[in-house]
1. Could you check how many residues of segment 21-61 are outside any loop (DSSP other than H, G, I, E, B) and among the β-branched types (Val, Ile, Thr)?
2. Would you please name the residue that is surrounded by the fewest Cβ atoms within 10 Å (Cβ to Cβ), looking only at residues in segment 13-36 that are among the polar types (S, T, N, Q) and more than 24 Å from Glu62 (Cβ to Cβ)?
3. If you take the residues of segment 48-63 that are modelled with pLDDT of 80 or more and among the charged types (D, E, K, R), which of them is surrounded by the fewest Cβ atoms within 10 Å (Cβ to Cβ)?
4. Checking Lys39 against (1) at pLDDT 95 or above; (2) surrounded by fewer than 15 Cβ atoms within 10 Å (Cβ to Cβ); (3) not aromatic (Phe, Trp, Tyr), which single condition isn't satisfied?
5. Looking only at segment 1-12, filter to residues that are touching a residue at least 24 places away in the same chain (Cβ under 8 Å), assigned to a loop (DSSP other than H, G, I, E, B) and not charged (D, E, K, R); which one of those is surrounded by the fewest Cβ atoms within 10 Å (Cβ to Cβ)?
Amino acid sequence: MTDNWLNLSEASAYTRLSARTLRRAIQAGRLRSSQTTGKHLFRKSYLNRFLLFGKIRLKSDERRELEELR
């Protein structure tokens, strides 16, 4: 599966969460993003993990569940 990168507005539309909610999750350490370009960029896998489990690191059974959804 190709892991596309989304900017903040695209991630907001994809998750149906506000940009502010996504920023708060980043600040709390519950959502990963890249800022190499100076803007938040999200992999779809980061967003899916956050939506399903609300955290960055997954237990092995959670990881298997996420893989089954792909």
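The values are calculated or read from the model by the stated rules, or taken from the named source; none is laboratory data. Model, not experiment: these values are computed from the prediction. Here Cβ is always computed from backbone atoms with ideal geometry, including for glycine, and neighbour counts include all displayed protein chains.
1. So the count comes out to 2.
2. In the first step, residues of segment 13-36 are kept if they are among the polar types (S, T, N, Q); the result is 15, 18, 21, 27, 33-36.
Of the ones still in play, those that are also more than 24 Å from Glu62 (Cβ to Cβ) are 18, 35-36.
Working: Ser18: 10, Gln35: 9, Thr36: 6.
Among those residues, the one meeting the criterion is Thr36.
3. Asp61
4. (1)
5. Of everything passing the filter in segment 1-12, Met1 is surrounded by the fewest Cβ atoms within 10 Å (Cβ to Cβ).
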